[in-house]
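Just so it is clear, none of the values below were taken in a lab; they were calculated from the coordinates. All figures in this text were calculated on a predicted structure; none of them were measured in a lab. Using ideal geometry, Cβ is built from the backbone for each residue, glycine included, and neighbour counts are taken over all protein chains shown.
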Amino acid sequence: MNNRFSCRPLWLLLCAGCLLGPARAQPDSANYDEARVGAHPLPDPLRMADGKTVASARQWTKVQRPAILRQFTEHVYGKLPGKPPRMRFQVTSLDTAALGGTAIRKQITVFFTDTADAPSMDVLLYLPRRANRPVPVFVGLNFYGNHCVHPDPGIALSTRWMMSNEAGGVVDHRATEAARGTQASRWPVAELIARGYGLATAYYGDLEPDHPEGWQKGIRSQLKDVLDTDETEWGAIGAWAWGLSRIVDYLETDAAVNARQAFVTGHSRLGKAALWAGASDPRFAMVISNESGEGGAALARRRYGETIRRINTAFPHWFAPNYRNYNQDPARLPVDQHLLLALVAPRPLYVASAEGDRWADPKGEFLSAKYAEPVYRLFNRKGVGAADMPAVNQPTGETVRYHIRTGQHDITAYDWAQYLDFADRHFARQPGNRSLKTKAR
Ligand code: GCU
């Protein structure tokens, strides 16, 4: 038994946030001193409620996995409802020779009910044009509308509310033509297509606008009856994660897509949503967390960078109300984020940090990936392997892989290069994909 794991709340967390004034995302007084992190015994992923130790992959899957999932539901993210019964899809545009003839571009509106004014989400899907098999697809939400991921003029300009960002072409909370392609550095569409992968993305604000009152205009209020879930039973991260699963519902109906190879990915707050979606929906064949930090991959018990109290103060709409119970003392939380990562097992998982992103606690992200290893071991899969954090730009690990790259909080070409290689390593050699890759290159 790894003695780092313990269920005993051995130390009282002195929350840096207690000393702070009103909500600011990154207060100067956050702790960045490793010497002040303190001891933080963690719940053992293999220790069951009856005190016994999980002895097999089967026992993990049947008993411990559902129990941990319930704890995350109750204490952290809230309820995650299923598919609405009368959801429908409408392909609103199709270009079979997009991006200079290399790609197929489809735009699909997912209507969550069958009423005339049904709440909806617009999905942008790019697929390699020359694939002769259904293709694997990366699935991720974007921050500023589908039109931000590529300058392709065929992408419909989102008309939804979004955070004002004049440099990014968003004026008075609405996108302008100047917003096209403003996030393209985060979405290397041409590279994905060239390597035989598709991309499905949607604007996170289609599900819930990202501010404390956003739920009133989002699915948590609009679908409350349909999903039989009150808005207080989940948070915005839950709503975004729910949307990621609805994208897979569509992909399952598209013959050009291999929906058994849907890879969920997300950056920062959307990395938190990607992890929650990937942990709870086993249809995601691979899960990628890009600098998801607190409430994502980073261990909550480590007092470094962002804390539970700080995140609940600055973003009171993100988590289930119960999460606030741990503002003062994260050690009381029955779970920690290594257990969220363990829920992904045995599927491939990639956790990425950036050296300049101390707020997200890179070491806490690494340790979380490391402490998910005992669960991967049950499935005879190797995790990150390394005992200590690797040097910058030195990815490590097999089924669980980790890197810390140079640079700031962002998702860069370096990050994507690792994710594509990781996907190639785990999926490209599976039957049906070799010819696809050969053709697409
Ligand atoms: C803030 C927040 C983080 C979050 C980040 C982002 O910094 O404190 O938790 O990950 O925003 O989404 O960019």
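Observations on the structure shown:
- Counting beta carbons within 10 Å around each of GLU373, GLU233, GLU398 and listing the fewest first gives the order GLU398, GLU233, GLU373.
- Springs between Cα atoms under 10 Å define the GNM used for the chain, and in it the highest mean-square fluctuation of GLN183, GLN408, GLN418 occurs at GLN408.
- In the elastic network of the chain, a GNM with C-alpha springs shorter than 10 Å, the most mobile of GLY305, GLY100, GLY145 is GLY100.
- In order along segment 269-275, the Karplus-derived 3J(HN,Hα) couplings, from 6.51 cos²θ - 1.76 cosθ + 1.60 at θ = phi - 60°, round to 4, 7, x, 4, 5, 5, 5 Hz, and Gly and Pro are given as x.
- Applying the Karplus relation 6.51 cos²θ - 1.76 cosθ + 1.60 with θ = phi - 60° to segment 84-99 yields 3J(HN,Hα) values of x, x, 10, 5, 9, 10, 10, 6, 9, 7, 9, 10, 8, 9, 7, 6 Hz, where x marks Gly and Pro.
- Exposure proxy ranking, count of Cβ atoms within 10 Å, fewest first, for VAL400, VAL91: VAL91, VAL400
- Over segment 69-111: Rg over Rh, Cα atoms, Kirkwood Rh: 1.32
- Within a Gaussian network of the chain (alpha carbon springs, distance under 10 Å), most fluctuating of PRO316, PRO81, PRO348: PRO81
- Relative contact order [Cα under 8 Å, 6+ residues apart], segment 67-201, whole percent: 21
- All-pairs alpha carbon distance profile, segment 168-302, 5 Å steps from 0, percent: 2, 9, 15, 19, 21, 18, 10, 5, 1, 0
- Binning the alpha carbon pair distances of segment 105-154 at 10 angstrom intervals from zero yields the distribution 19, 44, 30, 6, expressed in whole percent.
- Charge dipole (the chain, unit charges on Cβ, about Cα centre) - positive-most of TYR32, ALA49, VAL226: ALA49
- Segment 94-225 - convex hull of the alpha-carbon atoms, volume per residue in Å³: 121
- Remark: C-alpha extents of segment 141-196 on the principal axes read 38, 19, 18 Å, sorted largest to smallest.
- Charged neighbours of LYS79, selected by a Cβ distance under 11 Å, balance to -3 (K, R count +1; D, E count -1).
- Folded to 0 to 90 degrees: helix 362-371 orientation relative to the chain principal axis, Cα: 80
- Compactness relative to 2.2 N^0.38 Å, alpha carbon Rg of segment 222-267: 1.39
- When the convex hull of its Cα atoms is projected in every direction, mean area for segment 192-256 (nm²): 5.3
- Debye equation applied to the C-alpha atoms of the chain, log10 I(q)/I(0) at 0.07, 0.11, 0.13 Å⁻¹: -0.32, -0.82, -1.18
- The alpha carbons of segment 47-136 stretch over 59, 37, 20 Å along the principal axes, in descending order.
- Each of THR182, THR92, THR265 has some number of other Cβ atoms within 10 Å of its Cβ, and from fewest to most they run THR92, THR182, THR265.
- Overall Cα dimensions of segment 287-429 - principal axes, largest extent first, Å: 46, 35, 26
- Sequence-distant residues sharing a close amide H with GLY181 (under 5 Å, placed H): CYS148, VAL149, HIS150
- Based on DSSP H segments of at least four residues, each scored -39500 (n - 2.57), the chain has a per-residue ellipticity at 222 nm of -6000 deg cm²/dmol.
- Karplus (6.51, -1.76, 1.60) ³J(HN,Hα), θ = phi - 60°, over segment 310-318, in Hz, Gly and Pro reported as x: 5, 5, 5, 7, 6, 10, x, 9, 7
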